[in-house]
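The values are calculated or read from the model by the stated rules, or taken from the named source; none is laboratory data. Predicted model only: the values in this text are computed from it and were never measured. Every residue, glycine among them, receives a Cβ derived from its backbone with ideal geometry; neighbour counts consider all protein chains shown.
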Amino acid sequence: MSSPNTGLRIAGTIFGLFALVHLWRLAASAEVVVGGHTLPMWPSALFALIALGLSLWMWRLASRR
């Protein structure tokens, strides 16, 4: 396995974990408080989709090589 493939797979895994954390936040309705302000839930949905897309993209790039 070449080094670029390994890097792409690691990046894809990390993005996948970020997506799972955001989906967990949505499912558990977990509050995130920053500086006394509660963050809304919709950014987690948006970031979950972005992270999932990046994860799939990285894994597809790794499998093409």
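General remarks:
- When residues of the stretch 4-49 are limited to those that are among the charged types (D, E, K, R) and more than 26 Å from SER63 (Cα to Cα), the one modelled with the lowest pLDDT: GLU31
- Any chance ALA11 is in a loop (DSSP other than H, G, I, E, B) and in contact with a helix residue (DSSP H, G or I) (Cβ under 8 Å, 6 or more places away or on another chain): no
- Within the stretch 20-39, at least one residue is touching a strand residue (DSSP E or B) at 6+ places or on another chain (Cβ under 9 Å) and exposed (fewer than 12 other Cβ atoms within 10 Å of the Cβ).
- Screening LEU56, LEU61, LEU17 for residues that are loosely packed, with under 14 Cβ neighbours inside 10 Å, assigned to a helix (DSSP H, G or I) and hydrophobic (A, V, I, L, M, F, W, C) leaves exactly one candidate, LEU17.
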